[in-house]
Amino acid sequence: MKPIGERVIVKNIDDKKSKIALPPTASKEERMEGIVTEVGKDIKDIKKGDRIIFIKHSAYDIKIEDKKYKVVNYEDILVLI
């Protein structure tokens, strides 16, 4: 599986396992944390295995071989951890 263009494929990290602490006023519904499993050829500064925070509602859910992933556009990545 390989994303096209400026997209990455991400494996979700459960909020309980996340090491990111947000203030109480920050909505957990707006962001997600994940580990990059594949990177599109047009992305140079993110690599496989990186942890990222991205905009949750803009990611596409996919399921391959009973595993769930999200496809995230590069512009929707907020932070590289």
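The values are calculated or read from the model by the stated rules, or taken from the named source; none is laboratory data. Keep in mind that what you see is a predicted model, and the values were worked out from it rather than measured. In this analysis, Cβ positions are derived from the backbone assuming ideal geometry, glycine residues included, and neighbour counts consider all displayed protein chains.
Does ARG51 fit the bill of being within 12 Å of LYS11 (Cβ to Cβ) and surrounded by 12 or more Cβ atoms within 10 Å (Cβ to Cβ)? Quick ask: steps written out before the conclusion?
On the way: within 12 Å of LYS11 (Cβ to Cβ): yes; surrounded by 12 or more Cβ atoms within 10 Å (Cβ to Cβ): yes.
Yes, satisfied.
Mind listing whichever residues of segment 54-81 are within 13 Å of ASN12 (Cα to Cα), part of a strand (DSSP E or B) and of a type in the set (A, V, I, L, M, F, W, C)?
At the first step, the residues of segment 54-81 found to be within 13 Å of ASN12 (Cα to Cα) are 54-56, 59-63, 67-72.
Checking which are part of a strand (DSSP E or B) leaves us with 54-55, 60-63, 67-72.
Of everything in segment 54-81, those that are within 13 Å of ASN12 (Cα to Cα), part of a strand (DSSP E or B) and of a type in the set (A, V, I, L, M, F, W, C) turn out to be PHE54, ILE55, ILE62, VAL71, VAL72.
Is there a residue in segment 6-26 that is modelled with pLDDT of 90 or more and not in a strand (DSSP E or B)? Yes, that holds for at least one residue.
Do we have any residue at all in segment 39-53 that's part of a helix (DSSP H, G or I) and farther than 14 Å from LYS2 by Cβ? Scanning segment 39-53 turns up no residue that is part of a helix (DSSP H, G or I) and farther than 14 Å from LYS2 by Cβ.
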